[in-house]
Amino acid sequence: MRARVLVRPKAGILDPQGQAVERALPALGFSGAANVHVGRLIELDVEDPAQLPAMCERLLVNPLIEDYEIVESVPTHAGT
Amino acid sequence: VKFGVVRFPGTCDDVDALDAAKRVAEAEFLWHADPDLHGVDAVVIPGGFSYGDYLRAGAIARFAPVMESVIEFANAGGIVLGICNGFQILCEAGLLPGALLPNTSLKFVFRQVELVVADATTPFTRASPERLSIPVKHTTGRYYSPEPVPVVLRYARGENPNGSQDDIAGVCNEAGNVFGLMPHPEHAVDDLTGSTDGLTIFESIKQHVSGHALV
């Protein structure tokens with residue numbers, strides 16, 4: 001099964017990457033974009049999706065500074 | 001007294017760390033794939049980009065065979081010093097509290113900083129003066145912890161290069177035998193580069209370890 005893990009900076013922790021992107025958008029003429037946060041996307045094939053939370057807690061995510069969301073059964077990339 | 005300096009693929013400050021340790025005691029390299037600590041009295045995890053710092057700085061190195069032994073060594077009271085990437089690895093390994101985040105500026109910082117010793121009783125600072133002048137060079141050095149932690153070093157007022165919480169530059173574990181810091185004491189051991197203050201960290205460890213050996 002193809003699964004997707006979305007990793008986000010934890011709420012309340014300063015996210016300078018998100019701030020930098022938020023400042024860059026108006027510079028390009030886009031207005032009205034706020035609360036920008038930059039995270040990480042991990043996609044993987046897994047035989048046992050029940051192991052995903054443990055994979056996140058032990059390696060894919062640092063739970064002290066990041067939150068994560070697991071999305072199961074996502075479509076496989078064309079060409080992979 | 002013998003220091004062991006760990007080398008991972010991507011470590012780059014290992015030679016300076018070995019040189020610094022050799023100025024006060026014996027020292028040898030430890031290889032990431034070898035779980036044998038070769039009977040060293042203190043372990044140094046130097047700076048660099050272990051395993052390319054993929055995923056998060058220090059996240060992969062934490063699972064190297066040598067780290068299982070370092071964790072055992074630390075849990076048995078062994079002296080462990082983590083510098084920069086070594087600090088990140090020790091946090092990822094759970095040997096130190098907290099985590100290192102990207103600098104507030106998002107920029108690589110490389111400069112000499114003034115440090116204030118917040119705790120001069122540790123095995124890592126007992127031979128240090130009250131203030132140290134030591135270089136920093138990092139992109140991911142903003143220390144963060146949701147809980148209060150034992151602070152050993154702070155950036156002097158106005159010197160914080162990365163936006164770290166409470167100007168924290170270095171912390172130890174509750175037991176006091178594991179210490180991590182972002183500045184690089186191994187780059188401040190010779191008058192040629194302007195300061196020898198970094199040597200006092202290695203000297204402190206040597207004094208601590210030989211004191212224990214006398215008991």
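Give the stretch B:91-108 a look and list any residue that's under 19 Å from B:His187 (Cβ atoms), within 13 Å of chain A (Cβ to nearest Cβ) and out of contact with any Phe, Trp or Tyr (no Cβ under 9 Å at 6 or more places or on another chain), or say none.
Residue satisfying the conditions is B:Asn103 alone.
Tell me, please, whether a residue that is of a type outside the set (Val, Ile, Thr), in contact (Cβ under 8 Å) with a residue 12 or more places away in the chain, away from every other protein chain (no Cβ under 14 Å) and within 30 Å of B:Phe108 (Cβ to Cβ) can be found in the stretch A:6-28.
yes
Scan the stretch B:144-195 residue by residue and report those that are of a type in the set (Asp, Glu) and under 14 Å from the mean Cα position of the chain (by Cα).
B:Glu186 - this is the single residue of the stretch B:144-195 that is of a type in the set (Asp, Glu) and under 14 Å from the mean Cα position of the chain (by Cα).
Say we look at the stretch A:64-80 and pick out the residues that are open to solvent by less than 50 Å² (accessible area, probe 1.4 Å) and more than 12 Å from the chain's Cα centre (by Cα); which of these is modelled with the lowest pLDDT?
A:Val74
Name the residue that is nearest to the other protein chains (Cβ to nearest Cβ), counting only residues in the stretch A:47-62 that are open to solvent by less than 60 Å² (accessible area, probe 1.4 Å) and not in a helix (DSSP H, G or I).
A:Asn62
With (1) in contact (Cβ under 8 Å) with a residue 40 or more places away in the chain; (2) within 13 Å of chain A (Cβ to nearest Cβ) as the list, and B:Thr122 as the residue in question, which single condition is left unmet?
Unmet for B:Thr122, out of (1) in contact (Cβ under 8 Å) with a residue 40 or more places away in the chain; (2) within 13 Å of chain A (Cβ to nearest Cβ): (2).
May I ask you to say which residue of B:Ser69, B:Ser105, B:Ser133 is more than 17 Å from the chain's Cα centre (by Cα), more than 25 Å from B:Gly4 (Cβ to Cβ) and of a type in the set (Gly, Ala, Ser)?
Going through B:Ser69, B:Ser105, B:Ser133 in turn, the sole match is B:Ser105.
Can you tell me which residues in the stretch B:125-149 are of a type outside the set (Lys, Arg) and away from chain A (no Cβ under 14 Å)?
If the condition is that a residue be of a type outside the set (Lys, Arg) and away from chain A (no Cβ under 14 Å), then B:Thr125, B:Ala127, B:Ser128, B:Pro129, B:Glu130, B:Leu132, B:Ser133, B:Ile134, B:Pro135, B:Val136, B:His138, B:Pro148 are the ones that fit.
Which one of these is closer than 19 Å to B:Arg23 by Cβ and of a type in the set (Gly, Ala, Ser): B:Gly180, B:Gly198, B:Gly163, B:Gly176?
Values: B:Gly180 fails: closer than 19 Å to B:Arg23 by Cβ; B:Gly163 fails: closer than 19 Å to B:Arg23 by Cβ; B:Gly176 fails: closer than 19 Å to B:Arg23 by Cβ.
The unique qualifying residue is B:Gly198.
Select from the stretch B:24-49 the residues that are assigned to a loop (DSSP other than H, G, I, E, B) and of a type in the set (Phe, Trp, Tyr) and list them in ascending order.
B:Phe49
With the structure loaded, tell me whether B:Pro135 is open to solvent by 10 Å² or more (accessible area, probe 1.4 Å) and either modelled with pLDDT under 95 or over 21 Å from B:Pro46 (Cβ atoms) (or both) or whether it fails that test. Even if it seems obvious, please write down each step before you answer.
Details: open to solvent by 10 Å² or more (accessible area, probe 1.4 Å): yes; either modelled with pLDDT under 95 or over 21 Å from B:Pro46 (Cβ atoms) (or both): no.
For B:Pro135, the condition - open to solvent by 10 Å² or more (accessible area, probe 1.4 Å) and either modelled with pLDDT under 95 or over 21 Å from B:Pro46 (Cβ atoms) (or both) - is not met.
Of everything in the stretch B:45-80 that's in contact (Cβ under 8 Å) with a residue 60 or more places away in the chain and among the β-branched types (Val, Ile, Thr), which residue is farthest from the other protein chains (Cβ to nearest Cβ)?
The residue in question is B:Ile79.
The values are calculated or read from the model by the stated rules, or taken from the named source; none is laboratory data. Quantities reported herein were computed from a predicted structural model and do not represent experimental measurements. In this analysis, Cβ positions are derived from the backbone assuming ideal geometry, glycine residues included, and neighbour counts consider all displayed protein chains. Ligands, DNA and RNA are excluded from the accessible area calculation, which covers all protein heavy atoms including side chains. Shrake-Rupley method; radii C 1.70, N 1.55, O 1.52, S 1.80 Å.
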